[in-house]
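These notes concern the structure reproduced below.
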Amino acid sequence: MQGTMEDRSLGELFGLLADQTKTLVNHEVALAKAEAAEKAKTAGKGVAFLAAGGFVAYAGLLAVIAGIILLVGQWVPMWVSALIIGIIVALVGYLLIQKGRNDLKAENLKPQQTAASLRENKEWLQEQVR
């Protein structure tokens, strides 16, 4: 009887370990999903700034080209106005592009919290096995 009770007790312990491991894995997956969603949201904002900056810079380029065309074609003072506006629009586009690039560089897309948690869980599990 004593041997059977020890086997049963060991089996219960393994069952408990399996349940806790399953719960732990489910929590880690949930954490990874939440962290990945947050990283994707931040990266999406950076991409939006890059796209907006690209469109604004393109509009600035068109205005600069229009200013150059007016300068060469008509030799009237209106080209000065078109050139100044084109430079301003291009500068705004450049600033938007830099903002988007900086946002994307500053954000490490690796799920750092999940990785740290997995390392801790690994260490804990190794201690439990000993």
When residues of region 30-63 are limited to those that are charged (D, E, K, R) and touching a residue at least 40 places away in the same chain (Cβ under 8 Å), the one farthest from Leu96 (Cα to Cα): Glu35
task: Go through region 16-38 and give me each residue that's surrounded by 12 or more Cβ atoms within 10 Å (Cβ to Cβ) and either of a type in the set (D, E, K, R) or not in a helix (DSSP H, G or I) (or both).
output: Glu28, Lys33, Glu35, Glu38
Selected residue (only one of Glu38, Glu12 is of a type outside the set (Ser, Thr, Tyr) and either at pLDDT below 80 or closer than 22 Å to Lys122 by Cβ (or both)): Glu12
task: Scan region 39-55 for residues that are among the small types (Gly, Ala, Ser) and either surrounded by 14 or more Cβ atoms within 10 Å (Cβ to Cβ) or outside any helix (DSSP H, G or I) (or both) and jot them down.
output: Ala43, Gly46, Ala52, Gly53, Gly54
- request: Mind counting the residues in region 42-67 that are more than 11 Å from Ala90 (Cα to Cα) and over 18 Å from the mean Cα position of the chain (by Cα)?
  value: 3
- prompt: Hey, among Gly86, Gly93, Gly73, which residue is part of a helix (DSSP H, G or I), among the small types (Gly, Ala, Ser) and modelled with pLDDT of 80 or more?
  reply: Gly93
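The values are calculated or read from the model by the stated rules, or taken from the named source; none is laboratory data. Quick caveat, the model's predicted, so the values are computed rather than measured. Methodologically, a virtual Cβ is constructed for each residue, glycine included, from the backbone with ideal geometry; neighbour enumeration extends over all protein chains shown.
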